[in-house]
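Student: Shown below is the structure under consideration.
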Amino acid sequence: MSWFNSKNLCSHCNITKTNQKFENAITCPQCESNILLAREGIRMCPVDQTEMTKENHKGIILDRCSKCNGVWLDRDELSSMQELAIEDSDFATGMVIGMAIG
Ligand SMILES: [Zn+2]
Ligand SMILES: [Zn+2]
(Lines give C-alpha, C1' and ligand atoms only; values in the text may rest on other atoms or scores of the structure.)
(Ligands and ions follow the chains in the order given, each with its own letter.)
Protein backbone atom coordinates (compact mmCIF):
# COMPACT_ATOMS: atom_id res chain seq x y z
CA MET A 1 0.00 0.00 0.00
CA SER A 2 1.43 3.36 -0.91
CA TRP A 3 0.34 6.76 0.26
CA PHE A 4 0.89 10.06 -1.48
CA ASN A 5 3.04 12.41 0.51
CA SER A 6 2.86 15.22 -1.98
CA LYS A 7 -0.34 16.65 -3.36
CA ASN A 8 -1.48 15.84 -6.88
CA LEU A 9 -3.82 17.59 -9.25
CA CYS A 10 -7.38 16.34 -9.01
CA SER A 11 -8.08 14.04 -11.98
CA HIS A 12 -11.61 15.45 -12.32
CA CYS A 13 -11.09 19.20 -12.44
CA ASN A 14 -7.30 19.27 -13.00
CA ILE A 15 -7.19 22.41 -10.91
CA THR A 16 -7.27 21.58 -7.24
CA LYS A 17 -4.33 19.87 -5.58
CA THR A 18 -5.24 17.13 -3.19
CA ASN A 19 -3.79 14.00 -1.65
CA GLN A 20 -7.22 12.47 -1.35
CA LYS A 21 -8.42 9.58 -3.47
CA PHE A 22 -11.98 8.68 -4.29
CA GLU A 23 -12.76 5.44 -6.15
CA ASN A 24 -9.10 4.99 -7.12
CA ALA A 25 -8.79 8.41 -8.75
CA ILE A 26 -7.17 11.54 -7.38
CA THR A 27 -10.19 13.58 -6.40
CA CYS A 28 -10.43 16.84 -4.51
CA PRO A 29 -13.14 17.12 -1.84
CA GLN A 30 -15.18 19.48 -4.02
CA CYS A 31 -15.26 17.04 -6.97
CA GLU A 32 -16.02 14.12 -4.69
CA SER A 33 -18.95 16.07 -3.31
CA ASN A 34 -20.18 16.90 -6.82
CA ILE A 35 -19.94 13.27 -7.91
CA LEU A 36 -21.89 12.07 -4.87
CA LEU A 37 -24.53 14.77 -5.29
CA ALA A 38 -24.97 14.00 -9.00
CA ARG A 39 -25.70 10.36 -8.19
CA GLU A 40 -28.58 11.16 -5.90
CA GLY A 41 -32.05 11.56 -7.35
CA ILE A 42 -34.20 14.64 -6.82
CA ARG A 43 -36.41 14.26 -3.78
CA MET A 44 -39.59 16.06 -2.87
CA CYS A 45 -40.25 17.18 0.68
CA PRO A 46 -42.74 14.73 2.23
CA VAL A 47 -44.40 17.60 4.08
CA ASP A 48 -45.01 20.23 1.38
CA GLN A 49 -43.90 18.52 -1.88
CA THR A 50 -41.21 21.15 -2.52
CA GLU A 51 -38.19 20.02 -4.51
CA MET A 52 -35.35 19.75 -2.03
CA THR A 53 -31.77 20.97 -2.31
CA LYS A 54 -28.94 18.49 -1.88
CA GLU A 55 -26.12 19.21 0.50
CA ASN A 56 -23.01 17.31 1.37
CA HIS A 57 -21.94 17.51 4.99
CA LYS A 58 -18.72 15.62 5.61
CA GLY A 59 -19.70 12.94 3.13
CA ILE A 60 -23.30 12.63 4.26
CA ILE A 61 -25.71 13.62 1.51
CA LEU A 62 -28.85 15.20 2.81
CA ASP A 63 -31.90 16.83 1.27
CA ARG A 64 -32.96 20.15 2.69
CA CYS A 65 -36.33 21.74 2.06
CA SER A 66 -36.08 25.53 1.69
CA LYS A 67 -39.75 25.93 2.56
CA CYS A 68 -40.01 24.16 5.93
CA ASN A 69 -36.24 23.81 6.62
CA GLY A 70 -36.73 20.09 7.02
CA VAL A 71 -33.79 17.79 6.40
CA TRP A 72 -34.37 14.29 5.11
CA LEU A 73 -32.00 11.41 5.21
CA ASP A 74 -31.83 7.82 4.18
CA ARG A 75 -32.26 5.36 6.99
CA ASP A 76 -28.55 4.46 7.10
CA GLU A 77 -27.54 8.11 7.06
CA LEU A 78 -29.48 8.96 10.16
CA SER A 79 -27.01 7.55 12.68
CA SER A 80 -24.07 9.27 10.95
CA MET A 81 -26.02 12.49 11.03
CA GLN A 82 -26.75 12.17 14.72
CA GLU A 83 -23.01 11.83 15.38
CA LEU A 84 -22.34 14.84 13.20
CA ALA A 85 -24.98 16.88 15.01
CA ILE A 86 -23.41 16.07 18.36
CA GLU A 87 -19.96 17.12 17.08
CA ASP A 88 -21.13 20.20 15.29
CA SER A 89 -23.90 21.85 17.25
CA ASP A 90 -23.92 25.01 15.07
CA PHE A 91 -24.77 22.90 12.08
CA ALA A 92 -27.63 21.17 13.85
CA THR A 93 -29.17 24.23 15.46
CA GLY A 94 -32.64 24.92 14.14
CA MET A 95 -32.55 21.92 11.90
CA VAL A 96 -35.52 19.64 11.64
CA ILE A 97 -34.31 16.16 10.93
CA GLY A 98 -36.63 13.52 9.63
CA MET A 99 -36.15 10.10 8.22
CA ALA A 100 -36.93 9.59 4.58
CA ILE A 101 -39.60 7.06 3.87
CA GLY A 102 -38.69 4.23 1.53
ZN1 LIG B 1 -11.37 18.45 -8.42
ZN1 LIG C 1 -40.77 21.06 3.30
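Student: Within segment 58-90, work out how many residues are part of a loop (DSSP other than H, G, I, E, B) and open to solvent by less than 30 Å² (accessible area, probe 1.4 Å).
Tutor: As a first pass, look at segment 58-90 and keep what is part of a loop (DSSP other than H, G, I, E, B): 58-59, 65-69, 74, 88.
This time we only want the ones that are open to solvent by less than 30 Å² (accessible area, probe 1.4 Å), so: 65.
Final tally of qualifying residues: 1.
Student: In the set LYS58, LYS54, which member is away from ligand 1 (no atom under 16 Å from the Cβ), closer than 28 Å to SER6 by Cα and under 16 Å from the mean Cα position of the chain (by Cα)?
Tutor: LYS58
Student: Here's a follow-up. Can you pull out every residue in segment 18-57 that is open to solvent by 80 Å² or more (accessible area, probe 1.4 Å) and either of a type in the set (A, V, I, L, M, F, W, C) or in contact with a Leu (Cβ under 6 Å, 6 or more places away or on another chain) (or both)?
Tutor: ALA38, ILE42, MET44, VAL47 - these are the residues of segment 18-57 that are open to solvent by 80 Å² or more (accessible area, probe 1.4 Å) and either of a type in the set (A, V, I, L, M, F, W, C) or in contact with a Leu (Cβ under 6 Å, 6 or more places away or on another chain) (or both).
Student: Next up: Give segment 30-57 a look and list any residue that's in a loop (DSSP other than H, G, I, E, B) and charged (D, E, K, R), or say none. Spell out how you get there, then give the answer.
Tutor: Quick first cut of segment 30-57, residues in a loop (DSSP other than H, G, I, E, B) only: 40-43, 45-50, 52.
Once the filter is applied, which keeps residues that are in a loop (DSSP other than H, G, I, E, B) and charged (D, E, K, R), segment 30-57 yields GLU40, ARG43, ASP48.
Student: Within segment 12-29, how many residues turn out to be outside any loop (DSSP other than H, G, I, E, B) and either within 16 Å of the chain's Cα centre (by Cα) or in the same structural domain as GLU55 (by TED's automatic domain parsing) (or both)?
Tutor: Kept after step one, since they are outside any loop (DSSP other than H, G, I, E, B), are these residues of segment 12-29: 17-18, 21-22, 25-26, 29.
From what's left, either within 16 Å of the chain's Cα centre (by Cα) or in the same structural domain as GLU55 (by TED's automatic domain parsing) (or both): 22, 29.
So the answer is 2.
The values are calculated or read from the model by the stated rules, or taken from the named source; none is laboratory data. Every value quoted in this text rests on a predicted model; they were computed, and no experiment measured them. Glycine gets a Cβ as well: all are built from the backbone with ideal geometry, and neighbour counts include every protein chain shown. Note: accessible area is taken over every heavy atom of the protein model, side chains too, but ligands, DNA and RNA are not part of it. Shrake-Rupley method; radii C 1.70, N 1.55, O 1.52, S 1.80 Å.
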